[in-house]
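The values are calculated or read from the model by the stated rules, or taken from the named source; none is laboratory data. Everything numeric here is computed off the predicted structure, so don't read it as measured data. FYI the Cβ positions are ideal-geometry reconstructions off the backbone, even for glycines, and counts take in every protein chain you see.
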Amino acid sequence: MARIAYLECTRCGERYDATHARTVCGKDGGVLYARYNLSAMVNAFRPEVLKGRTPTMWRYAEVLPDAEPVSLGEGFTPMLPSREFPSVYIKDEGLNPTGSFKARGLSAALTMIRHYGIKKVAIPSAGNAAGALAAYAAAAGVEAHIFMPKDVPLANRIESEYYGATVTLVDGLISDCARMVAERKEEEGWFDVSTLKEPFRVEGKKTMGYEVAEQLGWRIPQGIIYPTGGGVGLLGMWKAFEEMEHLGWIGPERPQMISVQAEGCAPVMRAWDEGKQTSEMWKDASTLASGLRVPKPYGDYLILDILNKSGGAALAVSDDEIMDAMRHWAQVEGVFAAPEGAASLVAYQKLRERDFFSEDDVVVLFNTGTGLKYLDTIEQNEKPERAPLPEARSMGGIIGPY
Ligand SMILES: Cc1ncc(COP(=O)(O)O)c(C=O)c1O
Ligand SMILES: [Zn+2]
């Protein structure tokens, strides 16, 4: 653990040691960030040392916890130049283990859970975090308890069960799942790996920021569009840019950070529009992009601060726009995106229309997961006027071959 100098509250600055598992700041519930002694690394940890290292997020080991990684090969995902917009890149997180960027955070979190000797974990999840937790818990030999809304994509439920987790389906939202974990964790002896309630998921997610910079040849893009539920990736990337500046890898330049949400659940967008520093609980949250169904992100104060400091923006897109964008991306780019990821494309189109970004601005759109995990969601939300999804052809009672 030598690499982590201390954990720091993002609200009051209180410092904690990282010798045992921590949750949030004991004084004010603020999110804790891991802090490293970056000044001591400046001469030895240079971009050149990355050459030839493992193509996973653990290539940035010096700025990750010093424990034996629980790894399934997460990170270092492709940065695809868009075929449609010459200055746009698609960071395709769908290629991660378990098909989403949640792998990064849970790889880092389970690394530390195992390191601290914790045997049981619990998570409230909108879906993909559950699958990732279950996989990494299996790899770490840790017992996983998952609480997810009963209408999550089928893939999330099945994969979690296959990885050996105990799954509870909840008639409610992720906030209801979180309450259930909170109520039972003490009695059951579960460590709570809820979004931002432990310090290491953000450490895994921050590697997306290091990758964006490395894959663009240490240039910082003009903009990053990030589908925002709990906002962990946005926070993580911002932390990565700050660390890289301390290390002397980049200057003070930063991308304009854009939060895209769904019209049916847009607490960050509403707070942004009203100039507030925190969000209000969104009532009756509903969107097919299940990962964006977070009615009040725990780290809202951090998300809004980053949007402000970066000259960014928050906006919301409709489910219909998301469905259109999924099909468009698949056909034009060959990328079958998760609905949350496709929201990034809609946001980019809107920001171009508003002249927020120009044609020449380098903008990275995050596709946070693969569409393959949403086949049931896609089928349920296909518009009737569209070509129907192909049905299996039957020949006189014999199904196929075609
Ligand atoms: C595919 C996908 N994209 C985006 C998100 C939102 O992520 P975050 O909580 O980091 O904002 C999620 C969360 O479940 C997700 O599964
Ligand atoms: Zn604090």
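Among the residues of the range 252-291, those identified as part of a loop (DSSP other than H, G, I, E, B), in contact (Cβ under 8 Å) with a residue 60 or more places away in the chain and not small (Gly, Ala, Ser) are Pro255, Met281, Leu288. Scanning the range 302-319 for residues that are surrounded by fewer than 18 Cβ atoms within 10 Å (Cβ to Cβ), not acidic (Asp, Glu) and not in a loop (DSSP other than H, G, I, E, B) gives Asn308, Lys309.
Answer yes or no as to whether Ile225 is within 16 Å of ligand 1 (Cβ to nearest atom), crowded, with 19+ Cβ neighbours inside 10 Å and more than 29 Å from Gly312 (Cβ to Cβ). Spelling it out, it is not the case that Ile225 is within 16 Å of ligand 1 (Cβ to nearest atom), crowded, with 19+ Cβ neighbours inside 10 Å and more than 29 Å from Gly312 (Cβ to Cβ). In the range 91-132, the residue that is nearest to ligand 2 (Cβ to nearest atom) out of those that are out of contact with any Ser or Thr (no Cβ under 9 Å at 6 or more places or on another chain) and part of a strand (DSSP E or B) is Val121. Hey, any hits in the range 154-169 for a residue that's surrounded by fewer than 16 Cβ atoms within 10 Å (Cβ to Cβ), over 21 Å from Leu288 (Cβ atoms) and among the aromatic types (Phe, Trp, Tyr)? Yes; the residues of the range 154-169 include at least one that is surrounded by fewer than 16 Cβ atoms within 10 Å (Cβ to Cβ), over 21 Å from Leu288 (Cβ atoms) and among the aromatic types (Phe, Trp, Tyr). Taking the range 29-48 as the range and being closer than 19 Å to Leu235 by Cα and either within 16 Å of ligand 1 (Cβ to nearest atom) or out of contact with any Pro (no Cβ under 8 Å at 6 or more places or on another chain) (or both) as the test, the residues that pass are Gly29, Gly30, Val31, Tyr33, Arg35, Tyr36, Leu38. Among the residues making up the range 27-51, those that are loosely packed, with under 12 Cβ neighbours inside 10 Å and either in contact with a Lys or Arg (Cβ under 6 Å, 6 or more places away or on another chain) or small (Gly, Ala, Ser) (or both) are Asp28, Ser39, Ala40, Ala44.
In the range 21-42, the residues that are over 13 Å from Pro199 (Cα atoms) and more than 8 Å from ligand 2 (Cβ to nearest atom) reach residues that are at pLDDT 95 or above and assigned to a loop (DSSP other than H, G, I, E, B) with C-beta atoms within less than 7 angstrom, at least six apart or across chains, in these pairs: Leu38/Leu247; Met41/Leu247; Val42/Leu247; Val42/Gly248.
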